[in-house]
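Take a look at the structure set out below.
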Amino acid sequence: MNVIKNIWRSVAVWTVCVLLMLCASAPSIAKVEGGGNLEDGKVTGTWTRHEGSGVWTSAEIGLAEDKNGYYFELECFDGDVGYIDCLRGIAGDCKLGPDGRLVWWYSGLLVTPMAEWQRLPGGPWCVYSVNPNVVAEIEGRIETDFQERPIASSNFVTQPNPHSLVGMENNMYINAEVQPFDMTLLGQDIRIVATPTEFEWHYGDGSSYGPVSFAGAALPAERLGEPTATSHAYLSPGDYLISIVVYYTGTYSINGGPMIPIDGRASVESDPQTLRVWKSESQNVADDCLVNPNGFGC
């Protein structure tokens, strides 16, 4: 009889311990309303942030009182190797945010070995490092923010400078650099990078060249006057106001993630410069300046 009592006592203690373990180990999962699917350009649905991995997913991975644990495995690995579904092209669907990955979620009681946990039905699911709903809002504003960035104007050089001659080829080139900008948008750390890609030359006499992808290059002194891709010769003397428009393409990243192209481009006009073009004349000189001090060239 005592043996039976001891057995029941052990079972009761073991049951209480299991219940305590389940309660103490219950994960705290934050459920956040956001977007899950694209509909007419908008993201809709419910997204959940998994507390352990920090990823956002549309999978139902539990509430605060859930006694289960969760983990995921990538559906596709490097080189498109993975589960059979990977070969069907499903992996290309995770495009609602940067670094989207297709995964299978597994779940099981926390007191059981993870090797025994079962794959959740209904998958696979996409996971992201940032809530796709926030990403959609950022994408909707990023082009405007890029256009409004204070991109610095670039300096350009004319050779020769500041004076030239009618008919002489004036070489021109510009020093345009990549410009990064850091900002906070919707609570996310955003980096925008503006890269000069095209250049449009306005020579001040009504003629222009471009947009072209070539920014020009400096000529050594002994080659001044040679024609180049960006050079220009003036047919009349005068003061010419020269300017160059630099077109920038943009990329952005969210919280240090991969760089994403921005639709559209920004244009920045350089500070104009004045080139004074003179007319030169040559004549034969026959006078002896000692005899005729007022002769041409004396």
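The values are calculated or read from the model by the stated rules, or taken from the named source; none is laboratory data. Note that the structure is predicted; figures quoted are calculated from it, not measured. In this analysis, Cβ positions are derived from the backbone assuming ideal geometry, glycine residues included, and neighbour counts consider all displayed protein chains. Note: accessible area is taken over every heavy atom of the protein model, side chains too, but ligands, DNA and RNA are not part of it. Shrake-Rupley method; radii C 1.70, N 1.55, O 1.52, S 1.80 Å.
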Solvent-accessible area per residue, Å², over the stretch 100-211 with all protein chains present [probe radius 1.4 Å]:
48
Please report the accessible area of TRP56 (heavy atoms, 1.4 Å probe, ligands and nucleic acids excluded) in Å², nearest 10.
30
For the stretch 161-172, Karplus-derived ³J(HN,Hα) couplings (6.51, -1.76, 1.60; θ = phi - 60°; whole Hz; x for glycine and proline) come out as 7, x, 10, 8, 10, 4, x, 8, 6, 9, 6, 9
Over the stretch 93-193, with every protein chain in place, what whole percent of the accessible area is carbon and sulfur at 1.4 Å, could you tell me?
48
Taking Lys and Arg as +1 and Asp and Glu as -1, residues besides GLN179 with C-beta under 13 Å from its C-beta add up to 0
Relative contact order (%) - the stretch 165-298, alpha-carbon pairs under 8 angstrom, separation at least six
28
Run the 1.4 Å probe and let me know the accessible area of SER208, rounded to the nearest 10 Å².
70
In whole angstrom, largest first, the equivalent ellipsoid semi-axes that the Cα gyration tensor gives for the stretch 199-263 are 35, 16, 9
Contour excess over end-to-end distance, with Cα ends at ILE260 and LEU109 and 0.36 nm allotted per residue
50.4 nm
Distance in nm between label sites at LEU290 and THR184, each 7 Å beyond Cα in the beta-carbon direction?
8.7
Under 5 Å, built H, 5+ apart or other chain: amide partners of MET168
TYR234
So, over other residues within a Cβ distance under 9 Å of TYR106, counting Lys, Arg +1 and Asp, Glu -1, the net charge is 0
Based solely on C-alpha atoms, express the radius of gyration and the Dmax of the stretch 167-298 in angstrom.
23.7, 88
With θ set to phi - 60° and the Karplus curve 6.51 cos²θ - 1.76 cosθ + 1.60, what are the ³J(HN,Hα) couplings of the stretch 204-214 in order, to the nearest whole Hz, using x for Gly and Pro?
x, 10, x, 9, 8, 9, x, x, 9, 8, 9
Spin-label proximity, ASN161 to the stretch 245-280 - amide N less than 16 Å from point 7 Å beyond Cα toward beta carbon:
245-246, 270-277
